[in-house]
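Shown below is the structure under consideration.
The values are calculated or read from the model by the stated rules, or taken from the named source; none is laboratory data. Since this is a predicted model, take the numbers as computed values, not measurements. Neighbour counts are summed over all protein chains in view; Cβ atoms, including those assigned to glycine, are modelled from backbone coordinates with ideal geometry.
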Amino acid sequence: MSSHRIAVIGGDGIGPEVVEAGVKVLEALAATEPDLAFEFERFDWGSDYYRRNGRMMPQDGLAQIEGVDAIYFGSVGDPDLPDDITLWGLRLAICQGFDQYANVRPTRLLPGLTGPLRPELGQQIDWVIVRENSEGEYAGVGGRAHRGLPIEVGMDVAVFTRAGIERIAQFACELAISRPRKLLTVVTKSNAQRHGMVFWDEVVREVVRDYPGLTVDWMLVDAMTQRMVNKPGSIDTVLATNLHADILSDLAAALGGSLGIGSTANINPSRSRPPMFEPIHGSAFDITGKGVANPLGAFWTASLMLDHLGEQAAARRLMAAIETVTDRGEYLSPDLGGSARTAEVTAAVIAALSGVNSTSSSRLAG
Ligand code: IPM
Ligand code: MG
């Protein structure tokens, strides 16, 4: 019996609502799989914690969760606190502190859902975006000077290191080559940004040479948005910098039906520090506490977590249950055009778990 230790950080807004729904689903899954068990440890970190303690998590927060197998995270962001405080104080502190340099974001149009594209195009979406998650435009390097004066200045410096580019490029190549199409699209903006981005291109080009079985093509980030909309079937695995992938993954989630479904894995591939799994939708204060948040992003995220924990059969079963629910269309939340509440979607997925086995789903998310 393998028992996985999971740190649960609901965070802000709808985060706690959707991750608690996810915990229920994982418990239901464990109850029916003889070899699967979880120990969930809750951490009340986030903006309310900040209001009480003046920080988003305790000073030794990372040490408290360093020993877990995975972190299941909701969201962070509060309308009354500056985003740079809440994000850098919790989510980015965990990603960067645990060197989770690979951010993986799968997108597919799940059965029964209709995205904004024409159906024949939407159904071609089957992408995984690999986002560099430790440096680039999010390095936090820069500064402010001449505060309050007419010559005031603010700078963010995008940092690209050879080690940082090499490791994410290797990760993306391995992932791309493990997928049937063996196709990697590298996103860049080296036509305009002539230092860091040109270096990015050079180092990625060196790395992809080690993967002769891989088809590699290159896209400027602006043109990539058009290709995602007009020729979704021409894309499989995508490698992009921190900011470029941030933007492209929102577009991907929208084309995949709803931001409420998107899921993310933040991984340290060396496995020396725990990974973190989160839905990508954010804290959504407009619907917080109303019980209507879409938990499917948190469930898909839980499936990614299971896969990473070596529980492929359970991961597939969960994904198949999600797909059963979207396909039936009876219990969809308002963002997907339905009127089901979070608890109803959760109950529907738990009920569907008993009808599916690990071979029901065509394939795993990532
Ligand atoms: C995401 C989010 C975050 C990011 C925000 C909340 C800082 O948009 O996970 O994509 O930009 O990384
Ligand atoms: Mg984003």
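This table checks each residue for (1) at pLDDT 95 or above; (2) over 29 Å from V157 (Cβ atoms); (3) in contact with a helix residue (DSSP H, G or I) (Cβ under 9 Å, 6 or more places away or on another chain).
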residue	(1), (2), (3)
S190	yes, no, yes
H195	yes, no, no
W200	yes, no, yes
V203	yes, no, yes
Y211	yes, yes, yes
W218	yes, no, yes
M224	yes, no, yes
G233	yes, yes, yes
T237	yes, no, yes
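Do we have A265 as in the same structural domain as T185 (by TED's automatic domain parsing) and within 16 Å of ligand 2 (Cβ to nearest atom) here?
So A265 fails the test.
State yes or no: is G136 surrounded by fewer than 23 Cβ atoms within 10 Å (Cβ to Cβ) and either more than 16 Å from ligand 2 (Cβ to nearest atom) or on the phi > 0 side of the Ramachandran plot (or both)?
Spelling it out, it is not the case that G136 is surrounded by fewer than 23 Cβ atoms within 10 Å (Cβ to Cβ) and either more than 16 Å from ligand 2 (Cβ to nearest atom) or on the phi > 0 side of the Ramachandran plot (or both).
Could we say that E120 is more than 23 Å from the chain's Cα centre (by Cα) and closer than 30 Å to R316 by Cα here?
Spelling it out, E120 is indeed more than 23 Å from the chain's Cα centre (by Cα) and closer than 30 Å to R316 by Cα.
Taking segment 260-286 as the search range and keeping residues that are in a strand (DSSP E or B) and touching a Phe, Trp or Tyr at 6+ places or on another chain (Cβ under 6 Å), which one is nearest to ligand 1 (Cβ to nearest atom)?
E278
Hey, another quick one. Do you know which residues across segment 59-99 are without any contact (Cβ under 8 Å) to a residue 12 or more places away in the chain and away from ligand 2 (no atom under 16 Å from the Cβ)?
Within segment 59-99, Q59, D60, A63, P82 meet the criteria.
Could you check segment 309-347 and list, in sequence order, the residues that are more than 23 Å from T114 (Cα to Cα), part of a helix (DSSP H, G or I) and touching an Asp or Glu at 6+ places or on another chain (Cβ under 9 Å)?
Those that are more than 23 Å from T114 (Cα to Cα), part of a helix (DSSP H, G or I) and touching an Asp or Glu at 6+ places or on another chain (Cβ under 9 Å): A313, A314, A315.
A follow-up question, please. Quick check on my filter: what residues within segment 279-304 are of a type in the set (G, A, S), within 14 Å of ligand 2 (Cβ to nearest atom) and either buried (at least 24 other Cβ atoms within 10 Å of the Cβ) or without any contact (Cβ under 8 Å) to a residue 60 or more places away in the chain (or both)?
Hit for segment 279-304 is G297, nothing else.
Just to be sure I understand, how many residues within segment 229-256 are free of Cβ contacts under 8 Å to residues at least 40 places away in the same chain and either surrounded by 22 or more Cβ atoms within 10 Å (Cβ to Cβ) or within 16 Å of ligand 1 (Cβ to nearest atom) (or both)?
3
Taking segment 6-57 on its own, how many of its residues are within 20 Å of M276 (Cβ to Cβ) and in a loop (DSSP other than H, G, I, E, B)?
9
Any idea how many residues of segment 208-259 are within 14 Å of ligand 2 (Cβ to nearest atom) and either assigned to a helix (DSSP H, G or I) or within 22 Å of S134 (Cβ to Cβ) (or both)?
15
Mind listing just one residue for me: the one in segment 27-56 that is more than 26 Å from G260 (Cβ to Cβ) and in contact with a helix residue (DSSP H, G or I) (Cβ under 6 Å, 6 or more places away or on another chain) and, of those, surrounded by the fewest Cβ atoms within 10 Å (Cβ to Cβ)?
Among those that are more than 26 Å from G260 (Cβ to Cβ) and in contact with a helix residue (DSSP H, G or I) (Cβ under 6 Å, 6 or more places away or on another chain), it is A37.
Here's a follow-up. Only residues in segment 103-125 that are under 18 Å from S263 (Cα atoms) and part of a strand (DSSP E or B) count as the first member; pair them with residues that are away from ligand 2 (no atom under 16 Å from the Cβ) and of a type in the set (G, A, S), Cβ under 6 angstrom, at least 6 apart or cross-chain, and list the lot.
V104/G366; P106/A365; P106/G366
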